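Asker: If you scroll down you'll find the structure; I have some questions about it.
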Amino acid sequence: MKKQEFSTKNRVLAILLTQPGVYFSGDSLAQSLDLSRESIWKAVRSLKADGHQIASRKKAGYAYLRSQQVDALVLNQWLHLLGSDLVENQQPVVQVFEQIGSTQAYAKDMVAKQPLIRPALLVAREQSGGYGRQGRTFYSPKDRGLYVSLAMPVPVGTQLAPSLLTTSAAVSLVQGLQTFFPAAPFQLKWVNDLILHDHKIGGVITEGIFDFESQQYSAVILGFAINLMPGAFPDGLESKAGTVLADGEADLDLNVILAQLIVNLIKMTDTYQSGAYLPAYRELSLLIGHTITVKVGTDEKTGIVTGISDQGGLIMVEDATGQQQTLYAGEVTKVKLLENLNL
(Lines give C-alpha, C1' and ligand atoms only; values in the text may rest on other atoms or scores of the structure.)
Protein backbone atom coordinates (compact mmCIF):
# COMPACT_ATOMS: atom_id res chain seq x y z
CA MET A 1 0.00 0.00 0.00
CA LYS A 2 1.20 3.48 -0.80
CA LYS A 3 1.44 5.30 2.53
CA GLN A 4 0.50 8.96 2.93
CA GLU A 5 3.73 10.01 4.60
CA PHE A 6 4.03 13.67 5.53
CA SER A 7 7.25 14.03 3.60
CA THR A 8 8.43 17.38 2.28
CA LYS A 9 7.11 16.62 -1.19
CA ASN A 10 3.69 15.62 0.14
CA ARG A 11 3.51 18.80 2.21
CA VAL A 12 4.28 20.85 -0.92
CA LEU A 13 1.73 18.87 -2.93
CA ALA A 14 -0.94 19.42 -0.27
CA ILE A 15 -0.58 23.20 -0.61
CA LEU A 16 -0.58 23.14 -4.42
CA LEU A 17 -3.76 21.01 -4.36
CA THR A 18 -5.69 23.63 -2.41
CA GLN A 19 -5.96 25.62 -5.66
CA PRO A 20 -5.23 23.52 -8.76
CA GLY A 21 -3.94 25.63 -11.65
CA VAL A 22 -2.99 28.55 -9.38
CA TYR A 23 0.68 29.49 -9.05
CA PHE A 24 2.37 29.53 -5.65
CA SER A 25 5.72 31.28 -5.45
CA GLY A 26 8.72 29.40 -4.15
CA ASP A 27 9.08 32.00 -1.38
CA SER A 28 5.49 31.59 -0.17
CA LEU A 29 5.82 27.79 -0.15
CA ALA A 30 9.11 28.00 1.71
CA GLN A 31 7.68 30.36 4.33
CA SER A 32 4.49 28.33 4.80
CA LEU A 33 6.43 25.10 5.35
CA ASP A 34 9.45 26.62 7.10
CA LEU A 35 11.78 25.23 4.44
CA SER A 36 14.46 26.57 2.12
CA ARG A 37 13.80 27.48 -1.51
CA GLU A 38 16.13 24.66 -2.50
CA SER A 39 14.03 22.16 -0.52
CA ILE A 40 10.91 23.34 -2.35
CA TRP A 41 12.64 22.96 -5.71
CA LYS A 42 13.80 19.44 -4.86
CA ALA A 43 10.30 18.50 -3.66
CA VAL A 44 8.72 19.71 -6.89
CA ARG A 45 11.30 17.82 -8.93
CA SER A 46 10.52 14.67 -6.95
CA LEU A 47 6.78 15.15 -7.43
CA LYS A 48 7.28 15.47 -11.19
CA ALA A 49 9.32 12.25 -11.17
CA ASP A 50 6.37 10.56 -9.42
CA GLY A 51 4.04 11.46 -12.31
CA HIS A 52 2.54 14.73 -11.07
CA GLN A 53 2.36 17.40 -13.74
CA ILE A 54 3.35 20.69 -12.11
CA ALA A 55 3.91 23.84 -14.12
CA SER A 56 6.92 26.00 -13.28
CA ARG A 57 7.05 29.65 -14.28
CA LYS A 58 9.77 32.15 -13.54
CA LYS A 59 8.67 34.76 -10.96
CA ALA A 60 5.26 33.02 -10.66
CA GLY A 61 6.26 29.77 -9.02
CA TYR A 62 4.56 26.38 -9.25
CA ALA A 63 1.03 25.25 -10.13
CA TYR A 64 -0.48 21.77 -9.91
CA LEU A 65 -2.00 20.65 -13.24
CA ARG A 66 -2.75 16.94 -13.05
CA SER A 67 -1.40 13.55 -12.03
CA GLN A 68 -0.68 10.65 -14.35
CA GLN A 69 -1.54 8.13 -11.64
CA VAL A 70 -3.95 7.68 -8.76
CA ASP A 71 -2.49 9.33 -5.68
CA ALA A 72 -4.08 9.26 -2.21
CA LEU A 73 -3.42 12.95 -1.46
CA VAL A 74 -4.76 14.13 -4.80
CA LEU A 75 -7.75 11.80 -4.66
CA ASN A 76 -8.68 12.93 -1.16
CA GLN A 77 -8.54 16.56 -2.21
CA TRP A 78 -10.90 15.99 -5.15
CA LEU A 79 -13.24 13.89 -3.00
CA HIS A 80 -13.57 16.79 -0.57
CA LEU A 81 -14.09 19.30 -3.39
CA LEU A 82 -16.61 17.27 -5.41
CA GLY A 83 -18.28 15.67 -2.40
CA SER A 84 -18.57 18.75 -0.24
CA ASP A 85 -22.30 18.10 0.24
CA LEU A 86 -21.77 14.56 1.56
CA VAL A 87 -22.30 14.14 5.28
CA GLU A 88 -19.14 13.56 7.30
CA ASN A 89 -19.61 9.81 7.81
CA GLN A 90 -19.97 9.31 4.04
CA GLN A 91 -16.48 10.62 3.24
CA PRO A 92 -14.48 7.46 2.51
CA VAL A 93 -11.15 6.47 4.01
CA VAL A 94 -8.76 6.09 1.06
CA GLN A 95 -6.07 3.47 0.48
CA VAL A 96 -4.05 3.38 -2.74
CA PHE A 97 -2.03 0.29 -3.65
CA GLU A 98 0.88 0.27 -6.06
CA GLN A 99 0.00 -3.32 -6.94
CA ILE A 100 -2.42 -5.85 -5.48
CA GLY A 101 -4.07 -9.09 -6.44
CA SER A 102 -7.61 -7.74 -6.21
CA THR A 103 -9.10 -4.75 -4.40
CA GLN A 104 -12.36 -6.68 -4.14
CA ALA A 105 -10.75 -9.67 -2.41
CA TYR A 106 -8.84 -7.34 -0.10
CA ALA A 107 -12.02 -5.42 0.77
CA LYS A 108 -13.94 -8.58 1.62
CA ASP A 109 -11.13 -9.80 3.87
CA MET A 110 -10.84 -6.38 5.54
CA VAL A 111 -14.57 -6.12 6.28
CA ALA A 112 -14.71 -9.68 7.57
CA LYS A 113 -12.01 -8.86 10.15
CA GLN A 114 -13.42 -5.55 11.39
CA PRO A 115 -16.85 -3.95 10.90
CA LEU A 116 -16.96 -0.73 8.88
CA ILE A 117 -17.82 2.56 10.55
CA ARG A 118 -17.55 4.65 7.39
CA PRO A 119 -16.94 3.87 3.70
CA ALA A 120 -13.53 2.54 2.69
CA LEU A 121 -12.17 3.27 -0.78
CA LEU A 122 -9.53 0.83 -2.06
CA VAL A 123 -7.77 1.72 -5.31
CA ALA A 124 -5.04 -0.15 -7.16
CA ARG A 125 -2.66 1.28 -9.73
CA GLU A 126 -2.32 -2.31 -10.97
CA GLN A 127 -4.05 -5.64 -10.27
CA SER A 128 -2.75 -9.13 -10.91
CA GLY A 129 -5.99 -10.90 -10.05
CA GLY A 130 -8.85 -8.51 -10.75
CA TYR A 131 -12.19 -10.22 -11.23
CA GLY A 132 -15.83 -9.53 -11.98
CA ARG A 133 -19.09 -11.45 -11.98
CA GLN A 134 -18.91 -15.18 -12.61
CA GLY A 135 -15.28 -15.01 -11.47
CA ARG A 136 -14.20 -13.66 -14.84
CA THR A 137 -10.77 -11.99 -14.77
CA PHE A 138 -10.30 -8.32 -15.63
CA TYR A 139 -7.02 -7.24 -17.19
CA SER A 140 -5.68 -4.39 -15.02
CA PRO A 141 -2.38 -2.93 -16.33
CA LYS A 142 -0.58 -0.24 -14.36
CA ASP A 143 -2.00 3.30 -14.58
CA ARG A 144 -4.16 2.51 -17.61
CA GLY A 145 -7.50 2.43 -15.84
CA LEU A 146 -9.42 2.60 -12.58
CA TYR A 147 -9.45 -0.55 -10.42
CA VAL A 148 -11.58 0.15 -7.39
CA SER A 149 -13.60 -1.29 -4.52
CA LEU A 150 -15.88 0.89 -2.39
CA ALA A 151 -16.87 -0.85 0.85
CA MET A 152 -19.85 0.71 2.58
CA PRO A 153 -21.48 -0.15 5.92
CA VAL A 154 -25.14 -1.18 5.79
CA PRO A 155 -27.19 0.47 8.56
CA VAL A 156 -29.00 -1.93 10.90
CA GLY A 157 -32.45 -2.79 9.57
CA THR A 158 -31.63 -1.89 5.97
CA GLN A 159 -32.77 -4.39 3.36
CA LEU A 160 -30.73 -4.55 0.17
CA ALA A 161 -32.15 -4.79 -3.35
CA PRO A 162 -29.24 -6.49 -5.18
CA SER A 163 -30.53 -6.25 -8.75
CA LEU A 164 -31.42 -2.58 -8.33
CA LEU A 165 -28.09 -1.85 -6.63
CA THR A 166 -26.04 -3.30 -9.49
CA THR A 167 -28.03 -1.60 -12.25
CA SER A 168 -28.05 1.72 -10.39
CA ALA A 169 -24.29 1.52 -9.79
CA ALA A 170 -23.73 0.98 -13.53
CA VAL A 171 -25.81 4.08 -14.33
CA SER A 172 -23.93 6.13 -11.72
CA LEU A 173 -20.60 5.22 -13.30
CA VAL A 174 -21.76 6.07 -16.81
CA GLN A 175 -23.16 9.41 -15.63
CA GLY A 176 -19.83 10.17 -13.98
CA LEU A 177 -17.92 9.31 -17.15
CA GLN A 178 -20.27 11.47 -19.21
CA THR A 179 -19.17 14.47 -17.13
CA PHE A 180 -15.72 14.17 -18.72
CA PHE A 181 -16.61 12.47 -22.03
CA PRO A 182 -19.99 13.98 -22.99
CA ALA A 183 -19.80 12.88 -26.63
CA ALA A 184 -18.99 9.23 -25.91
CA PRO A 185 -21.98 6.93 -26.68
CA PHE A 186 -21.80 4.76 -23.55
CA GLN A 187 -24.17 1.78 -23.26
CA LEU A 188 -24.89 -0.91 -20.68
CA LYS A 189 -25.11 -4.67 -21.23
CA TRP A 190 -27.24 -6.33 -18.58
CA VAL A 191 -26.48 -6.54 -15.91
CA ASN A 192 -23.12 -4.93 -15.24
CA ASP A 193 -21.00 -4.32 -18.36
CA LEU A 194 -20.07 -0.82 -19.58
CA ILE A 195 -19.90 -0.71 -23.37
CA LEU A 196 -18.42 1.86 -25.75
CA HIS A 197 -18.30 1.45 -29.54
CA ASP A 198 -19.40 -2.20 -29.20
CA HIS A 199 -16.49 -3.05 -26.89
CA LYS A 200 -16.47 -3.65 -23.14
CA ILE A 201 -14.65 -0.85 -21.33
CA GLY A 202 -15.62 -1.73 -17.78
CA GLY A 203 -17.77 -3.66 -15.38
CA VAL A 204 -19.41 -3.54 -11.96
CA ILE A 205 -19.61 -6.18 -9.23
CA THR A 206 -21.65 -5.89 -6.02
CA GLU A 207 -20.99 -8.24 -3.13
CA GLY A 208 -22.49 -8.29 0.35
CA ILE A 209 -21.00 -9.30 3.69
CA PHE A 210 -23.58 -11.21 5.73
CA ASP A 211 -23.56 -11.12 9.54
CA PHE A 212 -24.99 -14.37 10.88
CA GLU A 213 -25.51 -12.96 14.38
CA SER A 214 -27.71 -10.08 13.25
CA GLN A 215 -29.04 -12.08 10.27
CA GLN A 216 -28.54 -9.17 7.91
CA TYR A 217 -25.91 -7.69 5.62
CA SER A 218 -23.36 -5.60 7.49
CA ALA A 219 -21.57 -4.20 4.44
CA VAL A 220 -21.79 -4.02 0.69
CA ILE A 221 -18.75 -3.81 -1.58
CA LEU A 222 -19.14 -2.06 -4.93
CA GLY A 223 -16.26 -3.03 -7.18
CA PHE A 224 -15.60 -1.66 -10.62
CA ALA A 225 -12.88 -1.54 -13.23
CA ILE A 226 -12.79 0.83 -16.19
CA ASN A 227 -10.29 0.87 -19.05
CA LEU A 228 -9.44 4.54 -19.60
CA MET A 229 -6.08 4.79 -21.32
CA PRO A 230 -5.18 3.07 -24.59
CA GLY A 231 -2.77 0.17 -24.46
CA ALA A 232 -2.15 -3.34 -25.78
CA PHE A 233 -4.51 -6.08 -24.61
CA PRO A 234 -3.49 -9.74 -24.24
CA ASP A 235 -4.30 -12.16 -27.05
CA GLY A 236 -7.99 -12.94 -27.15
CA LEU A 237 -9.10 -9.61 -25.69
CA GLU A 238 -8.34 -7.20 -28.53
CA SER A 239 -11.67 -7.79 -30.30
CA LYS A 240 -13.72 -7.65 -27.10
CA ALA A 241 -12.19 -5.03 -24.81
CA GLY A 242 -11.84 -1.33 -25.47
CA THR A 243 -10.80 1.90 -23.75
CA VAL A 244 -12.52 5.22 -23.18
CA LEU A 245 -9.64 7.20 -24.67
CA ALA A 246 -8.21 6.53 -28.11
CA ASP A 247 -4.55 6.81 -29.08
CA GLY A 248 -3.20 10.35 -29.05
CA GLU A 249 -5.90 11.92 -26.89
CA ALA A 250 -4.96 14.34 -24.11
CA ASP A 251 -4.04 13.13 -20.65
CA LEU A 252 -6.60 13.42 -17.89
CA ASP A 253 -6.22 13.36 -14.13
CA LEU A 254 -7.46 9.95 -13.04
CA ASN A 255 -8.04 11.32 -9.54
CA VAL A 256 -10.66 13.84 -10.67
CA ILE A 257 -12.55 11.22 -12.67
CA LEU A 258 -12.41 8.67 -9.86
CA ALA A 259 -13.56 11.19 -7.25
CA GLN A 260 -16.61 12.05 -9.38
CA LEU A 261 -17.47 8.37 -9.80
CA ILE A 262 -17.19 7.72 -6.06
CA VAL A 263 -19.33 10.72 -5.13
CA ASN A 264 -21.95 9.50 -7.63
CA LEU A 265 -21.93 6.00 -6.14
CA ILE A 266 -22.25 7.19 -2.55
CA LYS A 267 -25.19 9.43 -3.44
CA MET A 268 -26.78 6.60 -5.42
CA THR A 269 -26.93 4.31 -2.39
CA ASP A 270 -29.29 6.76 -0.67
CA THR A 271 -31.99 6.59 -3.36
CA TYR A 272 -31.47 3.52 -5.58
CA GLN A 273 -34.23 1.42 -3.97
CA SER A 274 -36.83 3.89 -5.26
CA GLY A 275 -35.98 2.85 -8.83
CA ALA A 276 -34.79 6.37 -9.63
CA TYR A 277 -31.99 5.06 -11.85
CA LEU A 278 -34.08 2.62 -13.92
CA PRO A 279 -35.22 5.11 -16.60
CA ALA A 280 -31.58 5.96 -17.33
CA TYR A 281 -30.63 2.26 -17.30
CA ARG A 282 -33.31 1.52 -19.89
CA GLU A 283 -32.11 4.42 -22.04
CA LEU A 284 -28.54 3.12 -21.90
CA SER A 285 -29.47 -0.53 -22.42
CA LEU A 286 -27.69 -2.19 -25.32
CA LEU A 287 -30.01 -5.20 -25.30
CA ILE A 288 -33.58 -3.94 -25.58
CA GLY A 289 -34.94 -5.03 -28.95
CA HIS A 290 -32.06 -7.45 -29.61
CA THR A 291 -32.00 -11.22 -29.77
CA ILE A 292 -29.68 -12.57 -27.11
CA THR A 293 -28.56 -15.79 -25.48
CA VAL A 294 -28.43 -15.95 -21.68
CA LYS A 295 -26.76 -18.66 -19.65
CA VAL A 296 -28.72 -19.41 -16.47
CA GLY A 297 -26.96 -22.09 -14.48
CA THR A 298 -26.38 -24.92 -16.95
CA ASP A 299 -29.24 -23.85 -19.22
CA GLU A 300 -29.18 -21.43 -22.13
CA LYS A 301 -32.14 -19.30 -23.15
CA THR A 302 -32.44 -17.40 -26.43
CA GLY A 303 -34.98 -14.70 -27.09
CA ILE A 304 -35.75 -11.04 -27.73
CA VAL A 305 -35.26 -8.55 -24.91
CA THR A 306 -38.37 -6.41 -24.45
CA GLY A 307 -37.39 -4.35 -21.42
CA ILE A 308 -35.99 -3.99 -17.92
CA SER A 309 -38.32 -4.68 -14.99
CA ASP A 310 -38.94 -2.33 -12.07
CA GLN A 311 -36.56 -4.47 -10.00
CA GLY A 312 -33.76 -4.43 -12.58
CA GLY A 313 -34.56 -7.80 -14.12
CA LEU A 314 -34.18 -8.64 -17.82
CA ILE A 315 -37.54 -9.11 -19.58
CA MET A 316 -37.34 -11.34 -22.64
CA VAL A 317 -39.60 -13.42 -24.86
CA GLU A 318 -37.99 -16.85 -25.22
CA ASP A 319 -37.78 -18.21 -28.76
CA ALA A 320 -38.45 -21.81 -27.75
CA THR A 321 -41.72 -21.16 -25.90
CA GLY A 322 -42.87 -17.71 -26.99
CA GLN A 323 -43.47 -16.89 -23.36
CA GLN A 324 -42.31 -13.75 -21.60
CA GLN A 325 -40.11 -14.18 -18.55
CA THR A 326 -38.02 -11.98 -16.28
CA LEU A 327 -34.49 -13.00 -15.34
CA TYR A 328 -32.71 -11.74 -12.24
CA ALA A 329 -29.64 -13.92 -12.61
CA GLY A 330 -27.66 -15.13 -15.58
CA GLU A 331 -24.95 -14.14 -18.00
CA VAL A 332 -25.60 -12.71 -21.45
CA THR A 333 -23.21 -14.71 -23.62
CA LYS A 334 -24.30 -13.60 -27.05
CA VAL A 335 -25.90 -10.56 -28.63
CA LYS A 336 -26.98 -11.05 -32.23
CA LEU A 337 -24.89 -8.92 -34.63
CA LEU A 338 -22.36 -8.21 -31.87
CA GLU A 339 -20.29 -11.37 -31.73
CA ASN A 340 -17.38 -9.60 -30.04
CA LEU A 341 -19.53 -9.18 -26.90
CA ASN A 342 -19.48 -12.91 -26.30
CA LEU A 343 -17.56 -12.19 -23.12
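Asker: Within 9 Å, Cβ to Cβ, of Gly51, how many net charges do the neighbouring residues add up to if Lys/Arg are +1 and Asp/Glu are -1?
Answerer: Numbers: positive: Lys48; negative: Asp50, Asp71, Asp143.
Overall, the nearby charge balance is -2.
Asker: Loop-only check: which trypsin sites (Lys or Arg not before Pro) in segment 1-71 are DSSP coil with at most 11 other Cβ within 10 angstrom? Don't skip to the end; give the middle numbers.
Answerer: Numbers: sites: Lys2, Lys3, Lys9, Arg11, Arg37, Lys42, Arg45, Lys48, Arg57, Lys58, Lys59, Arg66; in loops: Lys3, Lys58, Lys59.
Filter output for segment 1-71: Lys3, Lys58, Lys59.
Asker: Now a separate question. Compute a Gaussian network model of the chain, connecting alpha carbons closer than 10 Å, and tell me which residue from Gly223, Gly21, Gly202 fluctuates the most.
Answerer: Taking springs between Cα atoms under 10 Å, the residue moving most is Gly21.
Asker: Could you tell me which GluC sites (Glu not before Pro) in segment 53-156 are loop residues by DSSP with no more than 14 other beta carbons within 10 angstrom of their beta carbon? Show your work: numbers first, answer last.
Answerer: Working: sites: Glu88, Glu98, Glu126; in loops: Glu98, Glu126.
Listed in order of number, the matching sites are Glu98.
Asker: Further question: Listed highest first by mean packing, meaning other Cβ atoms within 10 Å per residue, what order do 280-292, 233-245, 70-82 come in? Mind dumping the intermediate values first?
Answerer: Values: 280-292: 17.6, 233-245: 15.2, 70-82: 20.7.
In descending order of packing, they fall as 70-82, 280-292, 233-245.
Asker: Another question about this same structure. Computed FRET efficiency, Cβ-Cβ of Glu283 and Ser239, R0 22 Å: what is it to the nearest 0.05? All intermediate terms of the calculation are to be shown ahead of the outcome.
Answerer: On the way: r = 27 Å, r/R0 = 1.22.
Rounded to the nearest 0.05, the efficiency is 0.25.
Asker: Could you state the angle between the C-alpha long axis of helix 162-180 and the longest principal axis of the C-alpha atoms of the chain, as a value from 0 to 90 degrees rounded to the nearest 10?
Answerer: In the chain, helix 162-180 runs at an angle near 50 degrees to the longest axis.
Asker: In nm, give the distance between the simple-model label positions of Thr291 and Gln159, each being 7 Å from the Cα along the Cα-to-Cβ direction.
Answerer: Going by the 7 Å Cα→Cβ label model, 4.0 nm.
Asker: What fraction of the DSSP beta bridges in segment 1-157 is antiparallel, stated in percent and rounded to the nearest 5?
Answerer: Numbers: 15 of 21 bridges.
Taking every DSSP beta bridge with both residues in segment 1-157, the antiparallel ones total about 70 percent.
Asker: Nearest 10 degrees is fine. How inclined is helix 254-271 to the longest principal axis of the chain, computing both from alpha carbons?
Answerer: Result, in degrees: 50.
Asker: Another question, if that's okay. Carbon and sulfur: what percent of the chain's accessible surface (1.4 Å probe)?
Answerer: On the way: 8060 of 16090 Å².
The nonpolar share, carbon plus sulfur, comes to 50 percent.
Asker: Return a whole-number percent for the relative contact order of segment 85-156, with Cα pairs under 8 Å and 6 or more residues apart as the contact set. Working shown, then result.
Answerer: Values: 126 pairs, mean separation 25.3, N = 72.
The value is 35 percent.
Asker: Okay, next question. Compute the accessible area per residue over the chain, keeping the other protein chains in place, probe 1.4 Å, unit Å². Please list the in-between numbers first.
Answerer: Numbers: 16090 Å² over 343 residues.
In whole numbers, the chain has 47 Å² accessible per residue.
Asker: Something else: Only residues of segment 79-121 count here: report those whose backbone N is under 20 Å from the spot 7 Å along Cα→Cβ of Ser128, or say none.
Answerer: Of the residues in segment 79-121, 96-110 have backbone N under 20 Å from the label point off Ser128.
Asker: Reachable lysines from Lys240, Cα under 26 Å, same-chain residues fewer than 8 places away excluded?
Answerer: Lys240 reaches Lys142, Lys189, Lys200, Lys295, Lys301, Lys334, Lys336.
Asker: While we're on this one: Mind pulling up the Rg/Rh value for segment 68-194? Radius of gyration and Kirkwood radius, both on Cα.
Answerer: On the way: Rg = 15.3 Å, Rh = 16.2 Å.
With Rh from the inverse mean 1/r over Cα pairs, Rg/Rh is 0.94.
Asker: Name the most mobile residue of Asp319, Asp193, Asp34, meaning the one with the largest mean-square fluctuation, in a Gaussian network model of the chain with Cα contacts below 10 Å.
Answerer: Checking each option, the largest mean-square fluctuation is seen for Asp34.
The values are calculated or read from the model by the stated rules, or taken from the named source; none is laboratory data. Just so you know, these numbers come straight off a predicted model, no measurement behind them. Positions of Cβ are backbone-derived with ideal geometry, glycine not excepted, and every protein chain shown enters the neighbour counts. These area figures cover heavy atoms from the full protein model, side chains too; ligands, DNA and RNA do not enter into them. Shrake-Rupley method; radii C 1.70, N 1.55, O 1.52, S 1.80 Å.
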